[in-house]
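Peer 1: Sharing a structure below in structure tokens format, with a few things to ask.
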Amino acid sequence: MSIPPPPGPQQPQGPYQQGQFPPGAQPYPPYQPWAQGYTPYNRPAPVNGLAVASLVLGILCCVPGLGLLLGLIALGQIRKNGERGRSMAVYGSVLSTLGLVLWVLVLATGAASDFWDGVKDSARDNGSAYTLAKGECFDSPSGSLEGEAYDVDKVPCAGEHDGEVFASFKMSGYDSYPGDRKVTDLADTRCWSLRYDYAMDAWAVPDDVDVYYLTPTRDSWGLGDREITCVFGNTDEKASLTGSVRNDARTLDADQLAYLNAVNIANRALDSQPVDSPDDDLKANTRWAARLSDAFTRQAAQLRAHDWPSGAQAPVTAVARQVESIQEEWAKAAKATDADAFYASYDRAMTLSTTGRSVTARKALGLATTPPPDGETGGGGGGGGDSSDIQV
């Protein structure tokens with residue numbers, strides 16, 4: 001905001017009117033004429049622009065810190081320059097101070113989180129990115145799931161769409177924003193695992209489908225946003241999905257659910273594979289092998305415990321025996337004292353992990369019979385670490 005210039009020089013005022021001169025004085029002494037644009041009459045002092053701005057911000061309470069700062073600066077300028085607007089500066093400073101105190105109380109009492117929840121509730125039907133719910137599909141205005149998103153267009157899942165929400169969860173345990181890397185790592189790990197609750201049969205997920213996520217930003221975190229939304233999207237940024245990839249209790253029968261629940265015990269453990277190889281971090285890999293050994297033990301137990309239909313009993317039992325053999329090799333890998341021993345057990349587990357028995361059992365149960373390519377446990381192949389070649 002610009003501040004108007006001070007009034008121009010005023011004509012000297014003497015104690016005598018025109019035609020009255022002291023003895024010996026010369027009438028009409030020379031003087032500087034008025035400059036163009038000014039008049040010989042007194043003009044009121046201008047209003048301080050910062051005082052006006054302080055009052056406006058104080059009333060709106062939108063940026064109370066700035067309103068208080070402008071008010072204090074305005075008071076200093078008014079004292080120095082003789083400008084008007086002292087009352088506006090005072091009122092603006094007072095209102096801004098009250099607004100600042102209110103913001104501190106809101107943040108300290110957690111009211112900001114309630115406010116953010118209210119914003120999300122009111123915007124749920126208006127296509128905001130943070131109002132998406134499980135099972136909803138949407139189009140991004142940019143046509144991409146990369147970058148930042150504020151608004152989306154919800155569309156039916158039966159047609160083409162950019163993304164399909166399969167899960168969401170709230171971050172906890174952080175007093176302040178943990179940073180982009182921490183948020184991304186958590187979203188990557190959790191979303192990659194949660195996909196099994198929505199698309200239980202990883203073999204039925206198309207090869208061009210991958211996992212994406214919407215996360216809080218540093219700005220939205222300050223308003224109480226803690227939610228991470230997990231999304232299925234196309235591996236090709238310029239391509240869309242057609243139809244829902246959902247397959248869970250809504251579409252599967254009891255026998256299919258029992259088989260997939262058992263299979264996904266091991267799939268989740270496989271997804272926790274360490275980033276570093278056994279040569280670089282043997283301890284992390286032996287712990288992973290121990291998790292796999294436990295997972296395959298539980299998987300085999302569940303496969304044997306279920307009462308399968310007559311046509312599926314024999315092939316599922318064959319899968320259970322295969323799983324038990326694989327479990328033994330992971331148990332050995334968990335006890336490996338060097339990388340060579342670990343690799344030896346790992347290779348034997350991979351050799352035992354052929355898909356023939358799984359295909360037979362799946363066919364008997366009416367499940368997908370085409371394994372994901374390259375040994376992946378689902379479509380896309382992004383997310384939580386390298387996948388192994390185990391196919392069950």
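Peer 1: Can you list residue pairs whose Cβ atoms sit under 8 Å apart, with the first residue in the stretch 262-287 being outside the structural domain of Tyr196 (by TED's automatic domain parsing) and within 24 Å of Arg321 (Cα to Cα) and the second being outside any helix (DSSP H, G or I) and basic (Lys, Arg)? Count only pairs 6 or more apart in sequence or on different chains.
Peer 2: Qualifying pairs under 8 Å: Thr286/Lys335.
Peer 1: Right, here's the next one. Working only within the stretch 167-221, note down all residues that are surrounded by 14 or more Cβ atoms within 10 Å (Cβ to Cβ), of a type outside the set (Ser, Thr, Tyr), in a loop (DSSP other than H, G, I, E, B) and in contact with a helix residue (DSSP H, G or I) (Cβ under 9 Å, 6 or more places away or on another chain).
Peer 2: Passing the criteria: Met171, Pro178, Met200, Asp201, Val205, Asp207, Pro216.
Peer 1: Hey, any hits in the stretch 251-272 for a residue that's modelled with pLDDT under 95 and surrounded by fewer than 14 Cβ atoms within 10 Å (Cβ to Cβ)?
Peer 2: Yes; the residues of the stretch 251-272 include at least one that is modelled with pLDDT under 95 and surrounded by fewer than 14 Cβ atoms within 10 Å (Cβ to Cβ).
Peer 1: Another question, if that's okay. Please verify whether Ser345 is surrounded by fewer than 16 Cβ atoms within 10 Å (Cβ to Cβ) and either farther than 23 Å from Pro278 by Cβ or out of contact with any Pro (no Cβ under 7 Å at 6 or more places or on another chain) (or both), treating the condition exactly as stated.
Peer 2: Numbers: surrounded by fewer than 16 Cβ atoms within 10 Å (Cβ to Cβ): no; either farther than 23 Å from Pro278 by Cβ or out of contact with any Pro (no Cβ under 7 Å at 6 or more places or on another chain) (or both): yes.
So Ser345 fails the test.
Peer 1: Oh, and also: If you scan the stretch 87-99, which residues turn out to be surrounded by 15 or more Cβ atoms within 10 Å (Cβ to Cβ) and either at pLDDT below 70 or closer than 22 Å to Pro46 by Cβ (or both)?
Peer 2: Answer for the stretch 87-99, where residues must be surrounded by 15 or more Cβ atoms within 10 Å (Cβ to Cβ) and either at pLDDT below 70 or closer than 22 Å to Pro46 by Cβ (or both): Met88, Ala89, Val90, Tyr91, Gly92, Ser93.
Peer 1: Ok, one more. Test Glu164 against the stated conditions and say whether it is of a type outside the set (Gly, Ala, Ser), over 13 Å from the mean Cα position of the chain (by Cα) and part of a strand (DSSP E or B). Quick ask: steps written out before the conclusion?
Peer 2: Details: of a type outside the set (Gly, Ala, Ser): yes; over 13 Å from the mean Cα position of the chain (by Cα): yes; part of a strand (DSSP E or B): yes.
Yes: the conditions hold for Glu164.
Peer 1: Listed residues Thr370, Thr355; which is buried (at least 16 other Cβ atoms within 10 Å of the Cβ) and either touching a Phe, Trp or Tyr at 6+ places or on another chain (Cβ under 8 Å) or of a type in the set (Val, Ile, Thr) (or both)? If you could, list the steps in order and put the result at the bottom.
Peer 2: On the way: Thr370 fails: buried (at least 16 other Cβ atoms within 10 Å of the Cβ).
Just one listed residue meets the conditions, Thr355.
The values are calculated or read from the model by the stated rules, or taken from the named source; none is laboratory data. Every value quoted in this text rests on a predicted model; they were computed, and no experiment measured them. For neighbour counting, all protein chains shown are included, and Cβ atoms are generated from backbone atoms with ideal geometry for every residue, glycine included.
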